[in-house]
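The values are calculated or read from the model by the stated rules, or taken from the named source; none is laboratory data. As the structure is a computational prediction, the values presented were derived from the model and not from experiment. Glycine also receives a Cβ, built like all others from the backbone with ideal geometry; neighbour counts cover every protein chain displayed.
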Amino acid sequence: MPVKVDFGSTVIAPEQPSKDGYVFNGWSRQFPFIMPSENLIVKALWNKNKHSLTYMIDGKEDHRVELETGAVIHLDSPTITDDSFNGWQCEWTTMPDHDITANGSMIRSIAILTLPTNIEYANGNITSVTGGKIRLTYVNGTTKDVDFTKEMIESYDIDAVHINYLGCKDYMLVTAASETKFTDKDIHIWSFENVIYVENAKSEIKIVDVNGRVIKTVKPESTRMEIPIEKMGIYIVKTFGATNKVFIK
């Protein structure tokens with residue numbers, strides 16, 4: 001806004017202006033000064049407002065940054081470096097003219113949803129896992145389902161699968177046949193290496209995986225049946241009068 005000042009007069013600073021989203025940072029000329037014999041333009045200098053973006057994990061501050069109003073928000077990585085973190089949730093994509101928060105959460109517990117369909121071994125060590133899901137539950141109540149990996153498995157035997165994921169543990173019993181049951185003492189079921197043996201079966205023999213799927217059905221053609229199994233793992237052998245679990249290595 002132009003004002004008239006007499007030549008030689010002392011010019012003092014006007015009232016400090018304001019502007020939404022900005023902080024006043026002085027004038028383009030230092031006040032007071034003596035009015036020269038020519039027109040002058042004195043401009044207000046502005047800096048954009050800065051506000052805090054605070055990163056919170058389960059109610060505790062992870063870190064914070066200062067951003068100018070209108071700046072595009074690129075969410076930082078947390079100070080935690082493992083997969084127990086579920087990512088940031090922030091409703092803003094550009095910085096508003098006030099402080100804001102981004103929230104994240106850590107894993108509280110895990111649960112096995114389905115067991116792997118196959119676990120491969122070599123020299124006594126697990127080399128690969130096929131299938132299976134676990135559910136991650138975070139402190140804030142959100143969940144995420146992830147695939148089994150061989151690194152999760154602490155132990156895997158004829159009775160149960162035990163897993164450990166980032167310090168959280170769970171196990172699942174092989175529930176398709178949680179106990180060995182024999183109602184006919186003449187029927188014998190066992191395994192050696194990659195072969196299942198069944199003696200004295202009086203009806204068809206079903207081989208079931210730990211998730212309850214029938215992978216093989218065999219009709220008994222002799223007193224002692226030898227049934228080769230291609231993949232390692234736990235299997236349930238069922239025939240009329242007998243059920244047993246076997247471990248193919």
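Counting just the residues of the stretch 95-141 that are loosely packed, with under 14 Cβ neighbours inside 10 Å and among the β-branched types (Val, Ile, Thr), which one comes out farthest from GLY21 (Cα to Cα)?
THR127
Can you pull out every residue in the stretch 144-162 that is surrounded by 14 or more Cβ atoms within 10 Å (Cβ to Cβ) and under 13 Å from ILE107 (Cβ atoms)?
If the condition is that a residue be surrounded by 14 or more Cβ atoms within 10 Å (Cβ to Cβ) and under 13 Å from ILE107 (Cβ atoms), then VAL146, MET152 are the ones that fit.
Can you pull out the residues in the stretch 9-30 that are modelled with pLDDT under 90 and among the aromatic types (Phe, Trp, Tyr)?
Correct list: TYR22, PHE24.
Just one of the numbered conditions (1) within 30 Å of the chain's Cα centre (by Cα); (2) not in a loop (DSSP other than H, G, I, E, B) is not true of HIS74; which one?
Condition (2) is where HIS74 drops out.
If we scan the stretch 49-56, do we find a residue that is farther than 30 Å from ILE100 by Cα, of a type outside the set (S, T, N, Q) and out of contact with any helix residue (DSSP H, G or I) (no Cβ under 8 Å at 6 or more places or on another chain)?
So far as the stretch 49-56 goes, no, none of its residues is farther than 30 Å from ILE100 by Cα, of a type outside the set (S, T, N, Q) and out of contact with any helix residue (DSSP H, G or I) (no Cβ under 8 Å at 6 or more places or on another chain).
Out of THR223, THR243, THR217, THR239, I need the residue that is in contact (Cβ under 8 Å) with a residue 60 or more places away in the chain, of a type in the set (Ser, Thr, Tyr) and not assigned by TED's automatic domain parsing to the domain that holds VAL161. Which one?
Numbers: THR223 fails: in contact (Cβ under 8 Å) with a residue 60 or more places away in the chain; THR217 fails: in contact (Cβ under 8 Å) with a residue 60 or more places away in the chain; THR239 fails: in contact (Cβ under 8 Å) with a residue 60 or more places away in the chain.
So the residue among THR223, THR243, THR217, THR239 that is in contact (Cβ under 8 Å) with a residue 60 or more places away in the chain, of a type in the set (Ser, Thr, Tyr) and not assigned by TED's automatic domain parsing to the domain that holds VAL161 is THR243.
Conditions tested, residue by residue: (1) surrounded by 12 or more Cβ atoms within 10 Å (Cβ to Cβ); (2) assigned to a loop (DSSP other than H, G, I, E, B).
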{"site": "ALA13", "(1), (2)": "yes, yes"}
{"site": "VAL23", "(1), (2)": "yes, no"}
{"site": "GLN30", "(1), (2)": "no, yes"}
{"site": "SER37", "(1), (2)": "no, yes"}
{"site": "ILE41", "(1), (2)": "no, yes"}
{"site": "LEU53", "(1), (2)": "yes, no"}
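Residues in the stretch 119-136: is at least one modelled with pLDDT under 85, under 30 Å from ASN200 (Cβ atoms) and in a loop (DSSP other than H, G, I, E, B)?
Step one: of the stretch 119-136, the residues modelled with pLDDT under 85 are 119-131.
When the remaining residues are screened for being under 30 Å from ASN200 (Cβ atoms), the result is none.
No, there is no match, as no residue in the stretch 119-136 is modelled with pLDDT under 85, under 30 Å from ASN200 (Cβ atoms) and in a loop (DSSP other than H, G, I, E, B).
Name the residues in the stretch 37-71 that are without any contact (Cβ under 8 Å) to a residue 24 or more places away in the chain, farther than 14 Å from MET95 by Cβ and within 32 Å of the chain's Cα centre (by Cα), would you?
GLY59, LYS60, GLU61, HIS63
Enumerate the strands (runs of 3 or more DSSP E) found wholly within the stretch 186-237, keeping only those where 1 or more residues are in contact with an Asp or Glu (Cβ under 6 Å, 6 or more places away or on another chain). Outline the logic, then answer.
Details: elements: 188-192, 195-199, 205-209, 214-218, 224-228.
The qualifying strands (runs of 3 or more DSSP E) are 188-192, 195-199, 214-218, 224-228.
What are the residues in the stretch 124-138 that are in contact (Cβ under 8 Å) with a residue 40 or more places away in the chain and either among the charged types (D, E, K, R) or out of contact with any Phe, Trp or Tyr (no Cβ under 8 Å at 6 or more places or on another chain) (or both), if any?
Scanning the stretch 124-138 gives a single hit, TYR138.
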